[in-house]
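Beneath this line is the structure, given in C-alpha cells, with notes to follow.
The values are calculated or read from the model by the stated rules, or taken from the named source; none is laboratory data. Just so we're clear, the structure is a prediction, and the values are computed from it rather than from any experiment. Positions of Cβ are generated from backbone atoms using ideal geometry, with glycine treated the same way; all protein chains shown enter the neighbour counts. Please note that ligands, DNA and RNA were not included when accessible areas were found on the heavy atoms of the full protein model with its side chains. Shrake-Rupley method; radii C 1.70, N 1.55, O 1.52, S 1.80 Å.
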Amino acid sequence: VQLQASGGGAVQAGGSLRLTCAASGRSFRNYTVAWFRRAPGKDREFVARIGWSGDYTLADYVKGRFTMSRDNAVGASYLNMDKLRPEDTAVYYCAAQRLGDNQYGYWGQGTQVTVSS
C-alpha cells in the first residue's frame with residue numbers, strides 16, 4: 001500500500017485542522033493506520049492509531065482534542081485536530097501496519113502542521 005498524507009497548514013492556537021491519509025492499493029481494511037509526528041529537535045512520537053473496525057487509540061497528550069476515523073470504502077483515514085496548541089507543531093506522518101505484521105511497514109510523506117500562539 002502507498003500512503004499520501006495531506007491537510008497540514010498554519011493555524012492559530014485553538015484552531016482546527018483535518019489531516020487525511022489516502023491509501024492506494026487493495027485491502028485497506030486489513031491495515032491498522034497510525035499517525036506519528038516529529039517536532040523540531042525532538043524524536044518522532046505516536047499520536048493515534050485506528051484498527052480495521054474503527055476503534056482508535058490516542059496518545060494522552062491529544063486526548064480530548066483529536067479524533068481519528070477511517071473510510072475503508074475509499075481507502076482513507078483522517079485525523080481531526082481541534083484545540084490545537086503551539087506544542088502540536090510538527091511534521092505529521094501516517095503509517096500503516098498490515099494485519100499480522102509487527103511493525104508499521106508503510107509510511108507516507110509528512111505534512112507540516114504549524115500552530116502559532
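A few notes on this one:
- Excluding ligands, DNA and RNA, the accessible surface per residue across the chain is 54 Å² with a 1.4 Å probe.
- Principal axis dimensions, largest first and in whole angstrom, of the range 1-70 by Cα: 37, 24, 22
- Rh (Kirkwood; distinct C-alpha pairs) - the chain, Å: 14.0 Å
- Highest-fluctuation residue, Val47, Val74, Val11 considered, GNM on the chain with Cα pairs under 10 Å: Val74
- Under a model in which nothing but the beta-carbon of Lys, Arg (+1) and Asp, Glu (-1) is charged, the chain shows a dipole of about 100 debye around its Cα centre.
- Surface composition of the range 51-91: carbon and sulfur atoms hold 50% of the protein heavy-atom accessible area at a 1.4 Å probe.
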